[in-house]
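Participant: Got a structure for you, written out below as structure tokens; questions coming shortly.
FYI, it's all coordinate maths here, none of it is from the lab. All values reported here derive from a predicted model rather than from experimental measurement. Cβ sites come from the backbone with ideal geometry, for glycine too, and all protein chains shown count toward neighbours.
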Amino acid sequence: MVAWPGFASAALSLQVGTTTRELETMTKHNNDATRRQILRTGLAVVGGAVAVSGAQAQDKMDPKMVQYQDTPKDGNKCDACVNWEPPASCKIVSGKISPNGWCIAYAPMENKKG
């Protein structure tokens, strides 16, 4: 028996007297399997990354992270923000949001400053 170097995943044992053609066939078969495994793994990683990023995109921030307060600041309030979703929510901040609230993510709607 002769061990074939260069194959970490599956050691290839050959009997002395194996022809070059047989060896080429075995090597080609093992390389094809490796390519398939790499492609499957790559697709699984990409699919997993897309699923994770999609889940994270749907998460809203905690009100404390954006310094949310139930009162307006300098005349600016949530119901005049582009992220406001009536009657009492926000596109980017979680929980119940007061129309008279304010946070650092405040972005005024055009022609509607609170």
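Participant: Defining a contact as two alpha carbons under 8 Å apart and six or more residues distant in sequence, what relative contact order in percent does segment 60-114 show? If you can, show how the numbers build up before the last one.
Facilitator: On the way: 100 pairs, mean separation 24.8, N = 55.
Contact order relative to length: 45 percent.
Participant: Still on this structure: Residue separation times 0.36 nm, minus the C-alpha to C-alpha distance between N111 and V82: what's the value? The partial results should precede the final answer.
Facilitator: Values: separation 29, 0.36 × 29 = 10.44 nm, distance 1.13 nm.
Extending this stretch completely gives an extra 9.3 nm.
Participant: May I pose another question? Could you give the nm distance between label points at R40 and K91, where each point is 7 Å from its Cα heading toward the beta carbon?
Facilitator: It works out to 4.2 nm between the two label points.
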